[in-house]
1. If we scan the range 18-32, do we find a residue that is surrounded by 15 or more Cβ atoms within 10 Å (Cβ to Cβ) and either at pLDDT 90 or above or not in a helix (DSSP H, G or I) (or both)?
2. Just one of (1) at pLDDT 75 or above; (2) of a type outside the set (Phe, Trp, Tyr); (3) not in a helix (DSSP H, G or I) trips up LYS241, so point out which.
3. Of these, LEU94, LEU78, LEU129, which one is over 30 Å from the mean Cα position of the chain (by Cα) and either of a type in the set (Ser, Thr, Tyr) or surrounded by 14 or more Cβ atoms within 10 Å (Cβ to Cβ) (or both)?
4. All but one of (1) under 23 Å from GLU220 (Cβ atoms); (2) at pLDDT 85 or above; (3) among the polar types (S, T, N, Q) hold for GLN72; which doesn't?
5. Do you know which of the residues in the range 47-84 that are in contact (Cβ under 8 Å) with a residue 60 or more places away in the chain and part of a loop (DSSP other than H, G, I, E, B) is nearest to HIS140 (Cα to Cα)?
6. Is it fair to say ILE109 is touching a residue at least 60 places away in the same chain (Cβ under 8 Å) and surrounded by 17 or more Cβ atoms within 10 Å (Cβ to Cβ)?
7. If you check ALA228, ALA197, ALA222, ALA201, which single one turns out to be in contact with a Phe, Trp or Tyr (Cβ under 7 Å, 6 or more places away or on another chain) and buried (at least 18 other Cβ atoms within 10 Å of the Cβ)?
8. Can you tell me how many residues in the range 68-96 are farther than 17 Å from LEU211 by Cα and among the charged types (D, E, K, R)?
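The values are calculated or read from the model by the stated rules, or taken from the named source; none is laboratory data. Predicted model only: the values in this text are computed from it and were never measured. Cβ placement follows ideal geometry from the backbone for every residue including glycine, while neighbour counts extend to all protein chains displayed.
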Amino acid sequence: MDIASVIGLIGGVLLIVISIAIAPGASFQAFIDYPSVIMVVGGAIAAVMIAMPLKDVLKLFGVAKKVILNKQDDVSKLIGQIVSLAETARRDGLLALENRLQEITDPFIILGVQMAVDGTRPEVMEDILRTEMDAVAARHQSGKLILDQIGKFAPAFGMIGTLVGLIIMLGNMSDPNAIGPGMAVALLTTLYGAIVANLVAIPMAEKLGFLSRQEQIRMEIAVRGIMAIQAGENPRVIEQKLRTFLPPKQRKQGDGAKAA
């Protein structure tokens, strides 16, 4: 589970709730209006369905789930695994890697190692692996686009709801006592639209973008490592090459662990 996403979402909601609770003369009931919720959430989803294919829109809950439940792999462990494979290939030959495939859980690394064992030409192997990287990036971008669109449409439907509320309110100007409450209800859709966009949709889209970039880095490490293994490079050289992807602090930690 992504603790940062959970804390951020819960913290944002709590800040809004606390702000309402401590505001003089405010009541929670005044901030609840179900037609406004329907206008903002339903309208935003309807607009996304117009803008994107239905099969992509149906992935919305799966995409949101990925933001909350994602688990990032340790890049240092990935590098260690590739170096271990390089040591096996250096000592026993590339064909020996076939016996280690059952240890590997990452389908992308399995694909690369299997091609190396099968004797696939380096240029063909790299082309296939990078095509897979592009396909993964495209799938991630599709999921991010759904939340980006909701973040764009939710405030717009909040404004539409406000305009609808104002029209209804102005149509009942004969009752001065209803003007204040009517204006408050009209503005709630703008509030809901801003909350949906800036606390839910846009932050989740940005988190998906971050996760996609991290995944691309891991795949790039795997590609370079597997290509180096096939080329017969020294495992220590491969390790040094791949550790350049780590922040300087993590490199030093790794050096300290080896020294120990």
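1. No, because not a single residue in the range 18-32 is surrounded by 15 or more Cβ atoms within 10 Å (Cβ to Cβ) and either at pLDDT 90 or above or not in a helix (DSSP H, G or I) (or both).
2. Here LYS241 meets the rest and fails (3).
3. Answer to the selection: LEU94.
4. (2)
5. My answer is LYS59.
6. Spelling it out, ILE109 is indeed touching a residue at least 60 places away in the same chain (Cβ under 8 Å) and surrounded by 17 or more Cβ atoms within 10 Å (Cβ to Cβ).
7. From the options ALA228, ALA197, ALA222, ALA201, the qualifying one is ALA222.
8. Result for the range 68-96: 5.
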